[in-house]
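A quick write-up on the structure given underneath.
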Amino acid sequence: MSNKNIHGYEIKQQIGTGSYGVVYKVQKDNKVYVLKQIPINPNSTISQIDSVKNEAKILSSLKSKYVVEY
């Protein structure tokens, strides 16, 4: 799965999948991160989009040296 990128992060491996998307182990500038990709498409309902926005809002409020800020 290497050589694929998401916004400049090189995908090293897929860690898991869930109801909201796919989680990857990624690397950028010799640092390793975890990236969650949540697809939104034209068929997404308002409720689904609101859920994604709510999750992003909650995650962006976390303050930890282990969580990359948005």
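The values are calculated or read from the model by the stated rules, or taken from the named source; none is laboratory data. Just so we're clear, the structure is a prediction, and the values are computed from it rather than from any experiment. Quick reminder, even Gly has a Cβ in these numbers, built from the backbone with ideal geometry, and neighbours come from all protein chains shown. Heads up: the accessible areas ignore ligands, DNA and RNA and are worked out on the full protein's heavy atoms, side chains in. Shrake-Rupley method; radii C 1.70, N 1.55, O 1.52, S 1.80 Å.
Farthest towards the positive end of the charge dipole of the chain, among the residues Asn43, Ile6, Tyr33, is the Cα of Tyr33, using unit charges on the Cβ of Lys, Arg, Asp and Glu. Evaluated at q = 0.19 Å⁻¹, the base-10 log of the normalised Debye intensity for the chain, with identical point scatterers placed on the Cα atoms, takes the values -0.89.
For the chain, applying the loop criterion from DSSP together with a ceiling of 11 other beta carbons within 10 Å to the GluC sites (Glu not before Pro) yields Glu69. Overall, the chain carries a charge dipole of about 220 debye about its Cα centre when +1 sits on the Cβ of Lys and Arg and -1 on the Cβ of Asp and Glu, all other atoms neutral. Principal-axis analysis of the Cα atoms of the chain puts helix 46-61 at an angle of about 50° to the longest axis. For region 1-46, applying the loop criterion from DSSP together with a ceiling of 16 other beta carbons within 10 Å to the chymotrypsin sites (Phe, Trp or Tyr not before Pro) yields Tyr20. For region 1-37, applying the loop criterion from DSSP together with a ceiling of 11 other beta carbons within 10 Å to the trypsin sites (Lys or Arg not before Pro) yields Lys4.
Solvent exposure of the chain, expressed per residue, is 82 Å² of accessible area, with all protein chains present and a 1.4 angstrom probe. Taking the 1.4 Å solvent-accessible surface of the chain as the whole, the part contributed by carbon and sulfur is 51%.
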